[in-house]
Every structure is written in structure tokens, then in C-alpha cells.
Amino acid sequence: MEKEISTDNLIEKINTYCDIVTEFSKLLETENEALRVYDIEKISQLYDQKAHIVGAYRSIVAFFIKNQELLSSIEPSYREKMKTLAAALDKLMKENDLLLKTKMQTSQSVMDSFVGIAKTVRNSNATSYGAGGKYSNVDNAQSAIALNKTF
């Protein structure tokens, strides 16, 4: 049996939703700016706050999904305010997603470059026994082959 929600409780939930969405939007604006300027320290500092606010956001959104029919009974101004805040948050979330993906791809490209440089340096410094039994640069066409076979 579902508990009846009074108009005052519904308005309180709407205000809570608006507060959470506003705070989430501010946090994403801050994080997006930090991502634009590669401020890793700032991004790290926001992690716990982001995790907390995402939890609160999911909870309040779940309430409204579960109780959608209640929204039809409130003043249109409340619905409009919720839509406006949700649209702004959605835009910030899409930008955040794009910036995070770009940052991860950039980091991966840099790491791939370092690996490529390391391989090139390793290959240029690699030596092996040459045909005359002396160390020489790796040359597969003239390198000696040694087998160590035990029976």
C-alpha cells in the first residue's frame, strides 16, 4: 500500500530536486572547466562530492519516475522550473562526458607515444652476436643463431 503524498511534501520534494540539480550543475561547471585546463588536482578534489551528489540525484529522480502522476497535479511553474534545470544539467552532463572521453583519449595517445619511443630506443640500442662472434646491432639477415637444446 503506497503512502499518500501531500501537496506540501511534493513541493518539498520539488524544491529538493531543484537544489540537487542546481548543485550538480555547479559541480559539473567546475569540473568541466578543470577538464578544459587539465587541472587534475581539482578534478580529484571534486570526486567525493560528485559521487555524493550523483547518489542524491539518482534518488530524487527515482522518486519522480515512480510518482510521475503527481507532477500533473502541481502548478505549471514548478514543472517548467524542473524542465529548465533538467535541460541545463543535461547539457552540462553531455559536455562533461565529451571532455572526459577526450581527456582519456589524449592520455592514451600520450602513453602510446611514450611506448613507441621506448620501443624505438630499445630497438636502436639492441645488440646481438654478429657473424664474427662479436656484438653488433641487430641485423636479422646476418645475425648468428644459437640453440640451447638439452635432451
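The values are calculated or read from the model by the stated rules, or taken from the named source; none is laboratory data. Predicted model, so just to flag it, every value in this text is computed and none were measured. Note that we place each Cβ from the backbone using ideal geometry, even for glycine, and neighbour counts take in every protein chain shown. Note: accessible area is taken over every heavy atom of the protein model, side chains too, but ligands, DNA and RNA are not part of it. Shrake-Rupley method; radii C 1.70, N 1.55, O 1.52, S 1.80 Å.
Can you give me the ranges of the helices (runs of 4 or more DSSP H) entirely in the range 1-73 with at least 2 residues that are over 17 Å from Lys83 (Cβ atoms) and open to solvent by less than 60 Å² (accessible area, probe 1.4 Å)? Working first, answer last.
Details: elements: 7-36, 40-66, 68-71.
Output list reads 7-36, 40-66.
If we scan the range 4-16, do we find a residue that is of a type in the set (A, V, I, L, M) and free of Cβ contacts under 8 Å to residues at least 24 places away in the same chain? Show your work before the answer.
Looking only at the range 4-16, we keep the residues that are of a type in the set (A, V, I, L, M), and these are 5, 10-11, 14.
If we keep only those that are free of Cβ contacts under 8 Å to residues at least 24 places away in the same chain too, we end up with none.
No, the range 4-16 contains no residue that is of a type in the set (A, V, I, L, M) and free of Cβ contacts under 8 Å to residues at least 24 places away in the same chain.
Of the conditions (1) open to solvent by 50 Å² or more (accessible area, probe 1.4 Å); (2) within 17 Å of Phe24 (Cβ to Cβ), Leu92 clears all except one; give me its number.
Of everything listed in (1) open to solvent by 50 Å² or more (accessible area, probe 1.4 Å); (2) within 17 Å of Phe24 (Cβ to Cβ), Leu92 misses just condition (1).
State yes or no: is Leu70 modelled with pLDDT under 90 and over 16 Å from the mean Cα position of the chain (by Cα)? Even if it seems obvious, please write down each step before you answer.
Numbers: modelled with pLDDT under 90: yes; over 16 Å from the mean Cα position of the chain (by Cα): yes.
It is true that Leu70 is modelled with pLDDT under 90 and over 16 Å from the mean Cα position of the chain (by Cα).
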